[in-house]
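Since the structure comes first, as structure tokens, the remarks are kept for the end.
The values are calculated or read from the model by the stated rules, or taken from the named source; none is laboratory data. Quick caveat, the model's predicted, so the values are computed rather than measured. Cβ atoms come from the backbone with ideal geometry, glycine included; neighbour counts cover every protein chain shown. Heavy atoms of the whole protein, side chains included, go into the accessibility calculation; ligands, DNA and RNA do not. Shrake-Rupley method; radii C 1.70, N 1.55, O 1.52, S 1.80 Å.
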Amino acid sequence: EANAVQLPDGRLVLMARPEGDICWSSDQGRTWTTPVTFGMRLFAPSLYVLPDGTLVSLHGSYVRGALRLIFSRDGGLTWIAPGKDYGFLVDNCYGYGKACVLPDGTLLVADQGTGGHAGGDAKSMALRLLRVRLRPDHSGIDLLPPVAP
């Protein structure tokens, strides 16, 4: 599971499972740097760039479970998170989610409410939507209603 996005400076950045391996390309993806691992075990990473240039990774967590978020102000070289091995809690769900950046700079996140592999798990399956805002001082995130008031 890997995901890539274009940074404001034109470089591509790619993040992959299971150790948050990251690499960059400065030539539209023809060549890539050697992947570096920053040590956070994660799955299903998806990357987004906010209007202010902040790079966001929405991902599942092996360590703490659930859907979590980390962010970077320097294109993925360093990450802001509440712990060295887990991100900010977005939703206590299976850990697979996707988002889109809204015009106000928040993320609209969709995730699945249950996530087992047994047939019975489908009985309680639900799709959830929520909005996430990075705090202006970059100290964390705020969960908001899915629709702006």
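If I take every Cα pair under 8 Å that is 6 or more residues apart in region 20-105, average their sequence separation and divide by the length, what percent do I get for the relative contact order? Numbers along the way, then the final one.
Numbers: 168 pairs, mean separation 21.2, N = 86.
That works out to 25 percent.
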Open item on the list: Cut-off 10 angstrom, C-alpha nodes, Gaussian network model of the chain. Which of 102, 47, 134 fluctuates the most?
Closed with: 102
Open item on the list: Tell me the accessible surface of residue 5 in square angstrom (1.4 angstrom probe, heavy atoms of protein chains only), to the nearest ten.
Closed with: 30 Å²
TODO: Could you check how much of the accessible area of region 20-136 is carbon and sulfur, as a whole percent, using a 1.4 Å probe?
DONE: 55 percent
Task: Cut-off under 5 Å, modelled amide H: who pairs with residue 140 long-range - done: 135
Open item on the list: Can you give me the distance in nm between label points at residue 4 and residue 124, each placed 7 Å from the Cα along the Cα-to-Cβ direction?
Closed with: 3.9 nm
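What is the dipole size for the chain, taken about its Cα centre, with +1 at each Lys and Arg Cβ and -1 at each Asp and Glu Cβ, in debye to the nearest 20? Before the final figure, lay out each step's value.
Details: 14 positive and 14 negative charges, 50 e Å.
That gives a dipole near 240 debye.
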- [ ] Over the chain, give the accessible area per residue in Å² for a 1.4 Å probe, as an integer.
- [x] 51 Å²
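With an 8 Å Cα cut-off and a minimum separation of 6 or more residues, compute the relative contact order for the chain in percent.
Working: 353 pairs, mean separation 21.0, N = 149.
So the answer I get is 14 percent.
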- [ ] Return the distance in nm (one decimal) between the two label points of a simple spin-label model at residue 74 and residue 142, each offset 7 Å from Cα along Cα→Cβ.
- [x] 2.8 nm
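Rounded to the nearest 0.05, what FRET efficiency is calculated for residue 30 and residue 52 with R0 set to 22 Å and r the Cβ-Cβ distance? Please list the in-between numbers first.
On the way: r = 29 Å, r/R0 = 1.30.
Computed FRET efficiency for residue 30 and residue 52 comes out at 0.15.
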Task: Label-zone membership for region 65-107, site residue 11, 7 angstrom Cα→C-beta point, backbone N under 16 Å - done: 72-80
